[in-house]
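Here is the structure we will look at, set down as structure tokens.
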Amino acid sequence: TSSSAAFFPLTIDGESGDTPTALSPRHVAEARSLLGDQGDKLTAVAMHSAIYYDLVERKAIDYVSTNDARGTTTTQSGGSIAAAFGEVSVPTYMGLRVIVSDDLAPTSTNYPVYFFTAGAIASGEQMAMQTETDRDILAKSDAMSIDLHYCYHPVGAKWTVGTVNPTQAQLATIGNWTKVYETKNIGIVRATCTSNY
């Protein structure tokens, strides 16, 4: 990302000319500060497993149980709000829900880390769900095929290219996007971090 790109004000470290470092509380504070008065709305952080296990090693990950999050497991309206699969722990970092995905591929030893506000990514339906069914009477079996076409889109950004079915490379090209919201209302901040793993 060049310093003239529309989303440059929402980047931390490597992208802004600083040397990337391990993910730290400073990154969370800076991500919040980049969003100004909207900074306290950050709710989640997405990272590669190498960044996550670096935080685990440093004992920086907290785990919130589903029971703690609910506050109770009493029966209400004839149903239970107890966890269906037993006690589940949700990892958090600095109060942010942690999402771990190796799809956040590194460039050399630098890993992208994304901070999100609730609702920063929207999903849209490209084509209504289509179903087809068939019956093989000799095998006595039924088959059903379902097509569902949808996409995810960063709220506050606009795709400015007329490309239909863009490639990953086209989606990753910053010049193909423009801001339609004020910067602090976009709700996504990118940091470039390193890991010991």
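Estimated at 0.36 nm per residue, the fully extended path between D142 and N176 surpasses their Cα-Cα distance by 7.8 nm.
Mind counting lysine pairs for me in the chain? Cα separation below 20 Å, and the two need to be 8 or more apart along the chain or on different chains.
Values: K41/K179; K41/K184; K158/K179; K158/K184.
Value for the chain: 4.
Note on T21 and Q168: their simple-model spin labels are 3.1 nm apart, each label 7 Å out from Cα toward Cβ. For the chain, the solvent-accessible area of protein heavy atoms averages 62 Å² per residue (probe radius 1.4 Å; ligands and nucleic acids excluded). Taking the chain as a Gaussian network, Cα atoms linked when under 10 Å apart, which of A169, A157, A60 shows the biggest mean-square fluctuation? In the Gaussian network model the winner is A169.
In units of the rule-of-thumb radius 2.2 N^0.38 Å, segment 90-143 shows an alpha carbon radius of gyration of 2.11.
Explain nothing, just the number: relative contact order of the chain, from Cα pairs under 8 Å at least 6 residues apart, as a whole percent.
On the way: 327 pairs, mean separation 63.6, N = 197.
After rounding, I find 32 percent.
Of all stretches in the chain that contain no trypsin sites (Lys or Arg not before Pro) in a DSSP loop with at most 14 other Cβ atoms within 10 Å, the longest one is 60-139.
Only loop residues by DSSP count here, and only those with at most 12 other Cβ atoms within 10 Å; note down the GluC sites (Glu not before Pro) in segment 109-189 that meet that. Intermediate values should be presented prior to the final figure.
Details: sites: E125, E132, E182; in loops: E182.
Hits after loop and neighbour filter: E182.
The length gained by stretching the chain between R97 and T131 to full extension, at 0.36 nm per residue less their Cα-Cα distance, is 8.7 nm.
On the basis of the beta-carbon distance and an R0 of 30 Å, N185 and T109 show a calculated FRET efficiency of 0.40. Highest mobility in the GNM of the chain, judged by mean-square fluctuation with C-alpha springs under 10 Å and restricted to S49, S101, S145, is found for S145.
Considering only T117, T133, T178, the mean-square fluctuation computed in a Gaussian network model of the chain, springs between alpha carbons under 10 angstrom, is largest for T133. Round to a whole number: what % of the accessible area of the chain belongs to carbon and sulfur, probe 1.4 Å? The value for the chain is 52 percent carbon and sulfur by accessible area. With a simple spin-label model that places each label point 7 Å from the Cα along the Cα-to-Cβ direction, the separation between W159 and Q38 comes to 2.1 nm.
Computed with a 1.4 Å probe over protein heavy atoms only, the accessible area of I186 comes to about 10 Å².
The values are calculated or read from the model by the stated rules, or taken from the named source; none is laboratory data. What you see is a predicted model, and the numbers here were worked out from it, not measured in a lab. Reconstructed Cβ throughout: ideal geometry from the backbone, glycine too, with neighbour counts over all protein chains shown. Protein only, heavy atoms only, side chains kept; ligands, DNA and RNA dropped before computing areas. Shrake-Rupley method; radii C 1.70, N 1.55, O 1.52, S 1.80 Å.
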